[in-house]
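Everything on this sheet refers to the single structure shown next.
The values are calculated or read from the model by the stated rules, or taken from the named source; none is laboratory data. Every value quoted in this text rests on a predicted model; they were computed, and no experiment measured them. Reconstructed Cβ throughout: ideal geometry from the backbone, glycine too, with neighbour counts over all protein chains shown. Accessible surface areas use protein heavy atoms only, side chains included; no ligands, DNA or RNA. Shrake-Rupley method; radii C 1.70, N 1.55, O 1.52, S 1.80 Å.
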Amino acid sequence: MSKKMRTLTEPFKIKMVEPLRITTEEYRQNALEKAGYNPFLLRSDDVFIDLLTDSGTGAMSDKQWGGIMMGDESYAGARSWEHLQTVVQNLTGMQYVLPTHQGRAAERILYSILGGKGKVFISNTHFDTTRANIEYVGSEAYDIVCKEAEDVESYHAFKGNIDLEKLETLIQQHGKNIAAIIMTVTNNSSGGQPVSMKNMKDVRAICTKYGLMMVIDGCRIAENSYYVKHREEGFENKTYKEIAQEMLNLGDAFIMSAKKDGMVNIGGLLTLKDEALSVKCKNLLIISEGFTTYGGLSGRDMEALAIGLEEVFDKDYLHYRIRSTAYLGEKLREKGIPVVWPIGGHAVYIDAKKLYQNVPLEEYPGQALVIDLYLKGGIRCVEVGSVMFGKYDENGKLIPAANELVRMALPRRVYTQSHLDYVLDVFDDIIEIKDRKKGFKITYEPPFLRHFTAHFEPIK
Ligand code: F0G
């Protein structure tokens, strides 16, 4: 390949296509009204470029589709299960592997056993379903991402790291009540930023010192390995898979939403080193997900996942993956759009507070940007700010989240560089309206995870 090449050539060719529908702004205005101005409530047919999530939205390879045909649908001890188990044991170094229908099912099983009233979990940053599963069983969840992550626009190689000093302090405060330390890799809610091997090793040492359990929430472990290889000394000559193996081996448990780096549309994993704990988890798995050799999955799902977990470590794929996200983010920055820096692995995060400076926080600037992106370009993405994380004080006044971000997550192997160039064009229209003064109010919200189903109205 030419060294001078500036085009992001996708390392695959297209064998099957799914048409996209082009709509007008007027049509999209109508669709928004019907959806209560919540992009989660839009019909996907009405979306042109869908950057809502990288979860379960990727394209499978011809090899994976071939595997689908080979899936063994036996209830117990299926061939496809054995295939998956072997791949996962090899990757994690953990003996006990439990399949689940997706990541949050693994979270519910593990955290309902480890947690309970008075228990404490500490993480670099809990993902929202992780926090919800912990709080649902009456436990507390502390996020202590490193200081460098606070300044969203300055460069630091591993902004996903946990703050080790705060970790020791919290351990001293909560002692025996600590249920586990959870390392989210990459750190999704903190901008998709990577965690260094050094930070993981330090956490391992602290867990060993205090006899605590270390859980790795590693649904983007391959993407994290890319950064370790290219940014951390001593890993230049290791393969991405070797780096992932080394990191996962540090944990006592591994939780994975396979819908990300598993390269499949559905699936999850819970793997453990401890036998006694694995027995408890398996009992709960059988009650709620299915028998231990399929969890909530069909044989073909497990076959495709076993293949996906190998493909994701392909060096050309990972380079294309990380570079395409960076391409979108870097070009946005060149246009003057404030983005979380450096660009993370699976998504570009825009600082809506800075872009829409005139929209008050109580009127959700992130939601305003999400709506404008859909209206102007049919692009769907998600607010990660006060809609998602805001709370109310006793007078019902909004306590805003630390940041007002908008996440544009890239599905794996789905969009080409020209799709990304289109998104960049739409931002030229956004720049023209960035001085808007009014935002949105919430007209309906549920008690948990409100961003999924809340309704909004534009403030006139
Ligand atoms: N942990 C992390 C770090 C995640 O990003 C997710 C899902 C989960 C756990 C839960 O897994 O969806 O399979 O139940 N993240 C998706 C997202 C939903 O859009 O970031 P799940």
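Brief remarks follow.
- The single condition among (1) within 26 Å of D274 (Cα to Cα); (2) away from the ligand (no atom under 16 Å from the Cβ); (3) open to solvent by 10 Å² or more (accessible area, probe 1.4 Å) that Y155 does not meet is (1).
- Enumeration of residues in segment 292-341 that are touching a Gly at 6+ places or on another chain (Cβ under 9 Å) and among the acidic types (D, E): D301, E303
- Candidates A326, A352: the one that is at negative phi and touching an Asp or Glu at 6+ places or on another chain (Cβ under 6 Å) is A352.
- For K201, the stated conditions do not hold, so it cannot be described as closer than 23 Å to K63 by Cβ and surrounded by fewer than 24 Cβ atoms within 10 Å (Cβ to Cβ).
- Identity of the residue in segment 254-288, away from the ligand (no atom under 12 Å from the Cβ) and either part of a loop (DSSP other than H, G, I, E, B) or at positive phi (or both), that ends up surrounded by the fewest Cβ atoms within 10 Å (Cβ to Cβ): D274
- Selected residue (criterion: nearest to the ligand (Cβ to nearest atom)) from residues of segment 158-189 that are basic (K, R) and under 27 Å from E404 (Cα atoms): K159
- The helices (runs of 4 or more DSSP H) located wholly in segment 73-152 that include 1 or more residues which are within 15 Å of the ligand (Cβ to nearest atom) and modelled with pLDDT of 95 or more occupy 103-114, 128-136.
- Check on M60, away from the ligand (no atom under 16 Å from the Cβ), open to solvent by less than 20 Å² (accessible area, probe 1.4 Å) and not in a helix (DSSP H, G or I): no
- Output for segment 35-56, where each listed residue is in contact (Cβ under 8 Å) with a residue 24 or more places away in the chain, in a loop (DSSP other than H, G, I, E, B) and within 22 Å of V426 (Cα to Cα): Y37, N38, L42, V47, F48, L51, L52, T53, D54
- For segment 429-454, the tally of residues that are in contact with a Ser or Thr (Cβ under 9 Å, 6 or more places away or on another chain) and either in a loop (DSSP other than H, G, I, E, B) or surrounded by 15 or more Cβ atoms within 10 Å (Cβ to Cβ) (or both) stands at 4.
- Members of segment 5-19 that are closer than 14 Å to D62 by Cα and open to solvent by less than 100 Å² (accessible area, probe 1.4 Å): P11, F12
- Odd one out for V339, checked against (1) in the same structural domain as E148 (by TED's automatic domain parsing); (2) of a type in the set (A, V, I, L, M); (3) closer than 23 Å to P411 by Cα: (1)
- Note on segment 380-400: among residues that are more than 16 Å from the ligand (Cβ to nearest atom) and closer than 20 Å to V340 by Cβ, the one that is least open to solvent (accessible area, probe 1.4 Å) is S386.
- Failed item, numbered, when I134 is tested on (1) open to solvent by less than 50 Å² (accessible area, probe 1.4 Å); (2) β-branched (V, I, T); (3) over 23 Å from the mean Cα position of the chain (by Cα): (3)
- Enumeration of residues in segment 372-414 that are more than 17 Å from F40 (Cβ to Cβ), touching a strand residue (DSSP E or B) at 6+ places or on another chain (Cβ under 8 Å) and in contact (Cβ under 8 Å) with a residue 40 or more places away in the chain: G377, N403, E404, L410
- Options I287, I221, I255: the member that is of a type in the set (V, I, T) and more than 23 Å from D54 (Cα to Cα): I287
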